[in-house]
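This report concerns only the one structure given below.
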Amino acid sequence: MSACDDFFDTVPDSRIELDDIDDVAQLVTNAYPAGSYLFLETMTDNVGAVPSNVQLTQMEEAFNWQTISMEGQDTPSYYWGNAYKAISHANQALKSLQSIDGDKAKKDAVRGEALLCRAYSHFMLVNMFGKHYDATTAASDLGVPYIKEPEMTLLVSYQRETVEKTYDLIEEDMLEGLSLVSNDYYKNTGKYHFTREAALAFASRYYLYKGDYSQCLHFSKQLLGNTYNENYVRDYKAVLAGQGPKGRAQIFSSPSDQSNLLIIRKKLGYQLYFQFGYRMTSYILNKLYLGDSRYLNTWGANADGSAVYQSKYESLMKRASLTSNSGLPYTVQPVFRGEEVLFNLMESQKKMADLNEDKAMQISMDYELQTLMSNFVVERYNAPAVDPDDRDDKMRDGNTYFFFAFVSYYRALKPLEYPDYRKDKRYYPYINEDPTQPNPDYDRAFHEEKKEEMRIDEREIMDLLIAIERRREFAEEGLRWFDIKRLKLEVTHQNVSGAIDMLKADDPRKVLQIPQSAISSGIEENPIETPAPVAEKLVRL
């Protein structure tokens, strides 16, 4: 096992051996958490029961929102341990920099990267093992220990901060790191490090989760600009051109893709093998997707094809020896993507528009948002930019056409909730007649009233579209769990035994229990009832 560990202590982009600033820079390459958080996907509405799969205890526990009893790969305990290990490397680097002379600009850049790494690991930990940030309760909600000094002992003496204090400390590290980090000292693409672009993506996510929408907009636009930026949205046609699942996964996770902002090498076990446990099913796939490019990037995963997966992760292995057929499985995962920043921007823009009491300004902000969404879905659905035959002016606007195509879809899907008054002869233009001809049934008061009602409906549909497209885009990446927490979504699961359970909006099970080893070391546990253990007949890996 030591040989495998040595592999994960090797620098992804070949920084040299240490004894000055370069030594510290190499140490910082170990400050990225190697544990995977893809176990979170099992807890979401993106997966279902696959009876023909081999059932695993840890996946059964995750699917049932129980405390996961195991501590190996692909578990909360494993992520906790790897995250604090990464933090210890960052802290040691920061301490070492205090006594090293050399190029100040390079020294600042290494310090910036270490601060960002420390902030990122704590951010992921607090969002898994604490409640979602709520300004009304964050000052009393349990966060996680925030460690700022290098230590060689277990976490015996550490106390949990509140969620508010944890977020404050993250923000302090993140902003200082962002002000210092530089792309000038990285080899190749630098995608295995916090570049300035990755740091902006981190700030975008941080402020969205905190509910500071103006700051989220600020940092999102620093990366993307003020208009749709196709450079940070992956070209799915290029992904689909890959040869088979492996070739597509290589393209999806490639550091040369500008939309991949930060890539971390992850020790990953059963989550790479779709014949195990709960997975996205063909039923969920067909219900979630509408035949777009992401749908085309899926494959049947087991003998009966009832489990499916997307080509996002290449299954790799560090062999135990040159002649060995066994070793430690791993993958490389883009943990920050340009598409996420785009969705953060859109969600924040919508929240800011909601608060704007100036109707004209709100309409202007909504138009910008409709343009962003339309550009994104045109790319994902490989759609025409405009339909010249439609009688509605909005449907003839090439900037917003495809957003309003979705509006029409929702109006047809839910006609009572989102009625289409354009089909009423009292409305103008009445879409079933020639709008250039007089309409004797036109009722101006009716028209103005229903036009405003439909505008409000369009705003609600935008909320729906942001949420569903975010879910579609990041399926099988673990981010859906954080949306379920922060948006207070409910999830219903039916397990392989047929038992049905619901995770409610403010369900305490949305907070993961901290590892038993940490509890035994004196760290306060989360107040979660521990359910009965899963049947022992399940396979334990």
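Right, P419: surrounded by fewer than 20 Cβ atoms within 10 Å (Cβ to Cβ) and either under 28 Å from the mean Cα position of the chain (by Cα) or modelled with pLDDT under 95 (or both) or not? In short, yes. Of all residues in the range 156-190, those satisfying the criterion of being assigned to a helix (DSSP H, G or I), touching a Gly at 6+ places or on another chain (Cβ under 8 Å) and under 28 Å from S517 (Cα atoms) are V156, S157, V163, E164, K165, T166, Y167. Would you be able to say whether some residue in the range 411-432 is under 27 Å from E41 (Cβ atoms) and of a type in the set (V, I, T)? Within the range 411-432, not a single residue is under 27 Å from E41 (Cβ atoms) and of a type in the set (V, I, T). Selection within the range 85-106: residues that are out of contact with any helix residue (DSSP H, G or I) (no Cβ under 7 Å at 6 or more places or on another chain) and among the small types (G, A, S). The member of this set that is nearest to T195 (Cα to Cα) is A105. Look at the range 410-423: where a residue is outside any helix (DSSP H, G or I) and a partner is of a type in the set (K, R), sitting 6+ places away or on another chain with Cβ atoms under 8 Å, you get Y418/R411; P419/R411; D420/R411. Annotation: of all residues in the range 149-180 being out of contact with any Asp or Glu (no Cβ under 8 Å at 6 or more places or on another chain), at pLDDT 95 or above and charged (D, E, K, R), the one that is surrounded by the most Cβ atoms within 10 Å (Cβ to Cβ) is D173. Of the candidates I251, I284, the single residue that is among the aliphatic types (A, V, I, L, M), open to solvent by 50 Å² or more (accessible area, probe 1.4 Å), part of a helix (DSSP H, G or I) and modelled with pLDDT of 90 or more is I251. Open to solvent by 10 Å² or more (accessible area, probe 1.4 Å), among the polar types (S, T, N, Q) and at pLDDT 90 or above, is that true of N495? Yes: the conditions hold for N495. Contact map, the range 191-204: residues that are touching a residue at least 12 places away in the same chain (Cβ under 8 Å) paired with residues that are assigned to a loop (DSSP other than H, G, I, E, B) and of a type in the set (S, T, Y), Cβ distance under 6 Å, separation 6+ or inter-chain. Pairs shown: H193/Y186. Among residues of the range 127-140 that are closer than 17 Å to R509 by Cα and at pLDDT 95 or above, those with a Cβ under 8 angstrom from a residue that is in a loop (DSSP other than H, G, I, E, B) and among the hydroxyl-bearing types (S, T, Y), sequence gap 6+ or separate chain, pair up as M128/Y37; K131/T137. Give me the residue from the range 299-340 that is among the basic types (K, R) and in contact with a strand residue (DSSP E or B) (Cβ under 7 Å, 6 or more places away or on another chain) and, out of that set, least open to solvent (accessible area, probe 1.4 Å). Residue satisfying both the conditions and the ranking: R337.
Figure legend. Inter-residue proximity from the range 222-248: first residues within 16 Å of N260 (Cβ to Cβ) and of a type in the set (S, T, Y), second residues part of a loop (DSSP other than H, G, I, E, B) and open to solvent by 50 Å² or more (accessible area, probe 1.4 Å), beta-carbon distance below 7 Å, spacing 6+ or different chains. Indicated pairs: Y232/Q258. crowded, with 16+ Cβ neighbours inside 10 Å and either in a strand (DSSP E or B) or at pLDDT below 95 (or both): is that true of K246 in this structure? Answer is no for this residue. Residue count for the range 268-281, restricted to those that are surrounded by fewer than 22 Cβ atoms within 10 Å (Cβ to Cβ) and either modelled with pLDDT of 90 or more or of a type in the set (V, I, T) (or both): 1.
Checking the range 371-382 against the condition returns a match, with at least one residue being surrounded by fewer than 20 Cβ atoms within 10 Å (Cβ to Cβ), in a helix (DSSP H, G or I) and at pLDDT 95 or above. From the list F202, F194, which residue is surrounded by 24 or more Cβ atoms within 10 Å (Cβ to Cβ), in a loop (DSSP other than H, G, I, E, B) and at pLDDT 95 or above? Selected residue: F194, the only one of F202, F194 that is surrounded by 24 or more Cβ atoms within 10 Å (Cβ to Cβ), in a loop (DSSP other than H, G, I, E, B) and at pLDDT 95 or above.
Scanning the range 171-190 for residues that are closer than 21 Å to D103 by Cα and free of Cβ contacts under 8 Å to residues at least 60 places away in the same chain returns a single hit, N183.
In the range 218-243, the residue that is nearest to E113 (Cα to Cα) out of those that are surrounded by fewer than 22 Cβ atoms within 10 Å (Cβ to Cβ) and among the aliphatic types (A, V, I, L, M) is V233.
The values are calculated or read from the model by the stated rules, or taken from the named source; none is laboratory data. What you are looking at is a predicted structure, and each value in this text was computed from that prediction instead of being measured. Backbone-built Cβ (ideal geometry, glycine too); neighbour counts: all protein chains shown. Quick note on the areas: whole protein, heavy atoms, side chains included, nothing else; ligands and nucleic acids left out. Shrake-Rupley method; radii C 1.70, N 1.55, O 1.52, S 1.80 Å.
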